[in-house]
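Working notes for the structure below.
The values are calculated or read from the model by the stated rules, or taken from the named source; none is laboratory data. This is a predicted model, so every value here is computed, not measured. Neighbour counts run over all protein chains shown; Cβ positions are idealised from the backbone, glycine included. Just so you know, the surface numbers come from the protein's heavy atoms only, side chains and all, with ligands and any DNA or RNA stripped out. Shrake-Rupley method; radii C 1.70, N 1.55, O 1.52, S 1.80 Å.
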Amino acid sequence: SIPGMSDVIVEGSSAITSLVEHLIDVHKRKRFAIIGGPESHDEAIDRLHACVETLHKRGLPIDDQLIVPGTFTQDSGARSAQALLATGRAFDALICMNDRMAQGALEELALHGLQVPDDVSVIGFDGIESSRFMLPPLTTVEQPMHEMGIVAVDMLDRLMRGGDTEHVVLSCSPVIRESCGCGPRFSYTPDLKDIPQYATPHERMAIFDLMILVRKGDYDGLILRLNKAIDTSIS
């Protein structure tokens, strides 16, 4: 917000709080590190406060040496992750105040032989398109970018017609993907009607098994059964 000017902003504290609680309750993470945003950025400050307050409420005070600032760029995420690792202090969860820094951090953790999410859970903020394609796909807080654009243009139109100053706050949504430790979430049901004539009995059985596992959303079972089917086909 800027005094005297109209604005469209987001309230991200509640969504990032829910992700921190998700890491604690679902993935049993206890040692948190944080890559913050610019120290003068109001929204980044609010996100940081929300994270630290949530950890304190859950009885998990954070080590000050495991909080480092970033500049919202991918390079700063890599440098900040390197600084965290250089402290020699262990952490099993890393909160990044935007997705680009999370991408840099993911790359740096991989260079040091740390596996995400097995060794460290990582979450970001923004929900940019590339967060879906990171390795692993990034658990994040999604900002309503499309809605923000619509609201901003409508607001501008009213201002140009002599309207009063407006202040709009939109909510954000947590998006769960694999970087926190969850498996992929299936969003479809297969409808296979014809199996190729040349399929062997083993392949037919594998197809039916895989269809059932997809319907159940059993990611681990799907991978195990798929590996078994591949091994059988190769042999």
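For the range 108-151, enumerate the residues that are part of a loop (DSSP other than H, G, I, E, B), over 21 Å from THR17 (Cβ atoms), open to solvent by less than 80 Å² (accessible area, probe 1.4 Å) and not acidic (Asp, Glu). Quick ask: steps written out before the conclusion?
Start the filter on the range 108-151 by keeping residues that are part of a loop (DSSP other than H, G, I, E, B), which leaves 112-120, 124-125, 127-128, 134-138, 143-144.
From what's left, over 21 Å from THR17 (Cβ atoms): 112-116, 118-119, 134-137.
Filter once more, keeping what is open to solvent by less than 80 Å² (accessible area, probe 1.4 Å): 113-114, 116, 119, 134, 136-137.
Passing the criteria: GLY113, LEU114, VAL116, MET134, PRO136, PRO137.
If you go through the range 1-30, how many residues are assigned to a loop (DSSP other than H, G, I, E, B) and under 28 Å from VAL120 (Cα atoms)?
The first filter runs over the range 1-30 and keeps only residues assigned to a loop (DSSP other than H, G, I, E, B), leaving 1-6, 12, 26-30.
Filter again for under 28 Å from VAL120 (Cα atoms), leaving 12, 26-30.
Number of matching residues: 6.
If I filter the range 88-134 down to residues being among the polar types (S, T, N, Q) and touching a Leu at 6+ places or on another chain (Cβ under 7 Å), which single residue comes out as modelled with the highest pLDDT? Spell out how you get there, then give the answer.
Step one: list which residues in the range 88-134 are among the polar types (S, T, N, Q), which gives 98, 103, 115, 121, 130-131.
Now drop any that are not touching a Leu at 6+ places or on another chain (Cβ under 7 Å), which leaves 121, 131.
Working: SER121: 97, SER131: 93.
Taking the candidates together, the pick is SER121.
Against the condition open to solvent by 30 Å² or more (accessible area, probe 1.4 Å), over 14 Å from THR17 (Cα atoms), at pLDDT below 95 and touching a strand residue (DSSP E or B) at 6+ places or on another chain (Cβ under 7 Å), how does PRO69 come out, does it pass?
Criteria met by PRO69.
Taking ALA102 and the conditions (1) within 20 Å of the chain's Cα centre (by Cα); (2) farther than 18 Å from GLU43 by Cβ; (3) assigned to a helix (DSSP H, G or I), which numbered condition does it fall short on, given that it satisfies the others?
If we test ALA102 against (1) within 20 Å of the chain's Cα centre (by Cα); (2) farther than 18 Å from GLU43 by Cβ; (3) assigned to a helix (DSSP H, G or I), just (2) comes out false.
Residues of the range 72-97 being open to solvent by 10 Å² or more (accessible area, probe 1.4 Å) and outside any helix (DSSP H, G or I), which ones?
PHE72, THR73, THR87, GLY88, ARG89, ALA90, PHE91, ASP92 - these are the residues of the range 72-97 that are open to solvent by 10 Å² or more (accessible area, probe 1.4 Å) and outside any helix (DSSP H, G or I).
Which ones in the range 152-184 are under 12 Å from the mean Cα position of the chain (by Cα), in contact (Cβ under 8 Å) with a residue 60 or more places away in the chain and in a loop (DSSP other than H, G, I, E, B)?
ILE176, GLY181, CYS182
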